[in-house]
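Asks: Pasting a structure below so you can have a look.
The values are calculated or read from the model by the stated rules, or taken from the named source; none is laboratory data. All values reported here derive from a predicted model rather than from experimental measurement. Here the Cβ positions follow ideal geometry from the backbone for every residue, glycine too, while neighbour counts run over all protein chains shown. With ligands, DNA and RNA removed, areas are computed over all heavy atoms of the protein, side chains included. Shrake-Rupley method; radii C 1.70, N 1.55, O 1.52, S 1.80 Å.
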Protein chains: 2
Amino acid sequence: MTALTVVGGGIIGLSIAWRCVRRGLRVTVYDDGGDNGAWFAAAGMLAPAGETSFGQEALTGLLTESARRWPGFAAELGDDIGYDRSGALDVALTSDDLAEARRMWAYSERPEPLTASELREREPALSPRVRGGAFRPGDHQVDPRRTVAALRAALGDAVVAKRVSTIPDGPTVIAAGTGTAALTGLPVRPVKGLVLRLRGEPGLLRHVINGYVDGRHVYVVPRADGEVVVGATQEERADTTVAAGAVLELLRSATDLVPELAELELTETVVRHRPGTPDNAPLLGHWKDDVIVAAGHHRNGVLLAPVTADLIADLVRTGRPDPLLAAFTPGRFT
Amino acid sequence: MTALTVVGGGIIGLSIAWRCVRRGLRVTVYDDGGDNGAWFAAAGMLAPAGETSFGQEALTGLLTESARRWPGFAAELGDDIGYDRSGALDVALTSDDLAEARRMWAYSERPEPLTASELREREPALSPRVRGGAFRPGDHQVDPRRTVAALRAALGDAVVAKRVSTIPDGPTVIAAGTGTAALTGLPVRPVKGLVLRLRGEPGLLRHVINGYVDGRHVYVVPRADGEVVVGATQEERADTTVAAGAVLELLRSATDLVPELAELELTETVVRHRPGTPDNAPLLGHWKDDVIVAAGHHRNGVLLAPVTADLIADLVRTGRPDPLLAAFTPGRFT
């Protein structure tokens with residue numbers, strides 16, 4: 001059997017490699033071994049309806065399918081990746097924010113609406129100012145850093161610390177995130193995001209919070225160990241500057257929703273770049289000859305890891321693309 | 001001639017040691033060599049009237065005398081410590097803030113009042129919202145980190161990396177900041193302060209800004225190299241947590257005054273502890289036997305370094321305290 005090379009050891013490349021190893025393939029992953037990937041910033045919200053825009057039906061289908069596969073993926077990977085099913089709350093601060101949230105609900109599978117007092121019953125730390133929201137029991141979370149660590153551990157020596165500047169010979173999967181553009185010429189661009197990490201005593205919050213705050217969107221993701229992830233900005237920029245104003249906006253929005261967050265320690269300000277594409281849906285499938293591409297997952301890399309891994313592993317093995325991949329061919333923009 | 005030991009290599013201990021060496025004494029400074037001192041956070045505003053409260057006449061006299069000595073101290077120490085005479089602007093955001101600023105002006109040597117448009121003429125980056133302020137041509141600034149580096153370089157091998165837990169034998173100056181309490185039992189307490197450092201292109205601001213912003217006080221200190229120091233919180237706490245809410249308040253106040261600061265990079269969030277005393281004036285003079293104390297400078301360590309160094313060096317040499325020291329005897333609380 002031929003060996004497979006995976007270029008890129010972010011959450012997508014590692015997940016594909018892991019699935020391929022499970023199916024008996026010999027795999028080598030090339031990665032620089034660092035934390036430059038978008039996964040290092042990602043909060044790990046698994047929200048299939050929350051992250052898509054109007055008119056992206058194929059992507060919504062893929063997100064939903066991957067969310068369905070996450071419990072099994074997490075169970076196979078082990079207990080230590082922070083997979084949590086407590087669900088998410090949409091929380092709107094002002095009546096304008098509530099109107100915007102309702103506009104989003106009309107598009108997605110309608111979540112269970114909650115009054116302000118019902119919200120605070122579920123989440124007592126919410127500001128008394130919040131106007132309303134909804135419960136999304138199906139929105140789970142996972143810790144992307146622990147997921148990558150578990151994948152690295154599961155793959156062991158198959159992950160080789162190496163920077164790759166040309167596509168290797170033989171069957172290859174390019175899963176290099178924003179680096180995919182330089183390797184292939186495909187249109188993957190960096191979309192800058194700033195994410196904060198706070199730390200306090202566990203128990204302040206129970207749910208992932210999707211906040212609508214004075215016209216801005218912020219998420220607040222509490223981990224069981226007391227870490228709270230606050231994100232994220234989104235800018236069409238390639239620089240890595242932690243802008244003072246971006247930190248201010250995230251902290252202001254988060255503390256407007258949950259005032260007690262002000263007491264927590266600010267432990268990290270992390271900038272990473274999401275790999276965006278012209279339609280912000282991923283590039284998944286054969287690109288040329290022996291080369292498959294799995295990149296451009298934009299805001300959805302963590303959520304899409306299980307379905308991407310399964311479908312690409314099948315494609316590697318059988319050579320036949322699953323119908324779910326039809327909308328995501330790497331060559332669709334040329 | 002007997003050798004002198006100085007315990008503590010912050011800006012006070014180093015300045016005393018340097019002055020003593022200049023006067024021909026043999027000096028050893030014991031310090032852990034790190035950056036735990038309050039100087040590492042300090043912005044380096046040399047504002048003799050801006051930092052005292054009502055009723056601290058003796059301290060105001062000492063601050064004024066030290067400000068007078070700073071130009072000579074800086075000239076002797078070299079060009080590289082960022083001593084800058086551009087002056088400071090008091091800037092009030094709201095009419096309530098302007099009333100508070102005026103209350104402060106009535107106490108100090110009255111600065112030159114400026115209208116909002118006069119302020120923005122001097123400092124075009126100020127928010128159009130500012131209501132008024134004043135110019136303080138005599139308020140200078142220095143870079144405390146570069147000052148400490150210059151003092152360390154000037155002292156060379158006289159600075160010995162050593163943590164001291166008991167008072168050494170022989171003539172000794174205790175200049176250990178908040179560590180003075182453990183060495184002597186004198187009432188020096190830690191007063192927590194958070195200071196931010198931003199970085200951008202040089203030239204956004206010309207003056208030190210003392211801001212009065214919605215009832216809060218914030219300072220914004222621009223350096224020639226594009227660094228901008230924003231401070232400071234003040235809390236009676238000994239912990240080193242960078243609280244999210246404190247970062248938020250400083251960023252909000254600073255960008256309310258100077259909106260373009262939002263574009264700068266947030267490069268540091270630093271917590272250090274000012275050494276406070278029951279009256280928040282320093283402890284300066286003989287404590288017992290061969291031991292002199294020079295500690296507890298609270299918010300004024302950088303400003304008070306030259307006069308402290310001169311007066312303590314004189315005291316070491318002559319054994320007779322200068323009359324300026326009379327109000328600051330270390331034993332005044334017992």
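Asks: So residue A:118 passes all but one of these: (1) touching a residue at least 12 places away in the same chain (Cβ under 8 Å); (2) outside the structural domain of residue A:45 (by TED's automatic domain parsing). Which condition number does it fail?
Replies: Only one criterion in (1) touching a residue at least 12 places away in the same chain (Cβ under 8 Å); (2) outside the structural domain of residue A:45 (by TED's automatic domain parsing) is unmet by residue A:118, namely (1).
Asks: Could I ask something else about it? Out of curiosity, is residue B:256 outside the structural domain of residue B:128 (by TED's automatic domain parsing) and not aliphatic (A, V, I, L, M)?
Replies: Taking the combined requirement at face value, the residue does not satisfy it.
Asks: Counting only residues that are in contact with a Leu (Cβ under 7 Å, 6 or more places away or on another chain) and either without any contact (Cβ under 8 Å) to a residue 24 or more places away in the chain or not hydrophobic (A, V, I, L, M, F, W, C) (or both), which one in the range B:289-334 is nearest to residue B:276 (Cα to Cα)?
Replies: The extreme case among them is B:296.
Asks: Let me ask something else. Could you tell me which residue of the range B:266-277 is surrounded by the most Cβ atoms within 10 Å (Cβ to Cβ), considering only residues that are away from chain A (no Cβ under 14 Å) and not small (Gly, Ala, Ser)?
Replies: B:275
Asks: Can you name every residue in the range B:60-69 that is among the hydrophobic types (A, V, I, L, M, F, W, C) and either surrounded by fewer than 21 Cβ atoms within 10 Å (Cβ to Cβ) or touching a Ser or Thr at 6+ places or on another chain (Cβ under 6 Å) (or both)?
Replies: B:67
Asks: Another question, if that's okay. Can you tell me which condition residue B:304 does not meet? The list is (1) closer than 23 Å to residue A:240 by Cβ; (2) not assigned by TED's automatic domain parsing to the domain that holds residue B:229, and all the others hold.
Replies: Just one mismatch for residue B:304, condition (1).
Asks: For residue B:91, only one of the following conditions fails: (1) of a type outside the set (Lys, Arg); (2) within 24 Å of residue B:143 (Cβ to Cβ); (3) assigned to a helix (DSSP H, G or I); (4) in contact with a strand residue (DSSP E or B) (Cβ under 6 Å, 6 or more places away or on another chain). What is its number?
Replies: For residue B:91, the failing item is (3).
Asks: Ok, one more. Within the range B:93-106, which residues are open to solvent by less than 70 Å² (accessible area, probe 1.4 Å), without any contact (Cβ under 8 Å) to a residue 60 or more places away in the chain and of a type in the set (A, V, I, L, M)?
Replies: B:99, B:104, listed by residue number.
Asks: Would you check which residues across the range A:39-53 are open to solvent by less than 30 Å² (accessible area, probe 1.4 Å), in contact with a helix residue (DSSP H, G or I) (Cβ under 6 Å, 6 or more places away or on another chain) and part of a loop (DSSP other than H, G, I, E, B) and list them?
Replies: A:42, A:44, A:48, A:52
Asks: Of all residues in the range A:188-206, count the ones that are under 27 Å from residue A:276 (Cβ atoms), out of contact with any Gly (no Cβ under 7 Å at 6 or more places or on another chain) and open to solvent by 20 Å² or more (accessible area, probe 1.4 Å).
Replies: Matching residues across the range A:188-206 total 1.
Asks: Only one of these conditions is not met by residue A:280: (1) over 26 Å from residue A:74 (Cβ atoms); (2) modelled with pLDDT under 95. Which number is it?
Replies: Residue A:280 satisfies every listed condition except (1).
Asks: Here is a further query. Inspect all residues belonging to the range A:293-311 and state whether any of them is open to solvent by 40 Å² or more (accessible area, probe 1.4 Å) and either within 14 Å of chain B (Cβ to nearest Cβ) or closer than 30 Å to residue B:259 by Cα (or both).
Replies: Yes - at least one qualifying residue is present in the range A:293-311.
Asks: Out of everything in the range A:228-265 that is within 13 Å of residue A:42 (Cα to Cα) and open to solvent by less than 30 Å² (accessible area, probe 1.4 Å), what residue ends up being farthest from the other protein chains (Cβ to nearest Cβ)?
Replies: Per the criteria, the residue is A:232.
Asks: So how many residues does the range B:278-292 have that are acidic (Asp, Glu) and either within 22 Å of the chain's Cα centre (by Cα) or crowded, with 16+ Cβ neighbours inside 10 Å (or both)?
Replies: Count: 2.
Asks: Do we have any residue at all in the range B:155-175 that's farther than 18 Å from residue B:29 by Cα, in the same structural domain as residue B:38 (by TED's automatic domain parsing) and assigned to a helix (DSSP H, G or I)?
Replies: The answer is no; no qualifying residue exists.
Asks: Going residue by residue through the range B:122-130, is there one that turns out to be part of a helix (DSSP H, G or I), touching a Leu at 6+ places or on another chain (Cβ under 9 Å) and either within 25 Å of residue B:284 (Cα to Cα) or open to solvent by less than 70 Å² (accessible area, probe 1.4 Å) (or both)?
Replies: no
Asks: Any idea which residue in the range A:10-38 is least open to solvent (accessible area, probe 1.4 Å), counting only those that are under 15 Å from the mean Cα position of the chain (by Cα) and within 11 Å of residue A:176 (Cβ to Cβ)?
Replies: Ranking the qualifying residues of the range A:10-38, first place goes to A:13.
Asks: Follow-up question, since we're still on this one. Across the range B:107-118, what is the number of residues that are under 23 Å from the mean Cα position of the chain (by Cα) and either open to solvent by 80 Å² or more (accessible area, probe 1.4 Å) or under 16 Å from residue B:88 (Cα atoms) (or both)?
Replies: Here is the first cut: in the range B:107-118, the ones under 23 Å from the mean Cα position of the chain (by Cα) are B:107-111.
From what's left, either open to solvent by 80 Å² or more (accessible area, probe 1.4 Å) or under 16 Å from residue B:88 (Cα atoms) (or both): B:108-111.
Qualifying residue count, the range B:107-118: 4.
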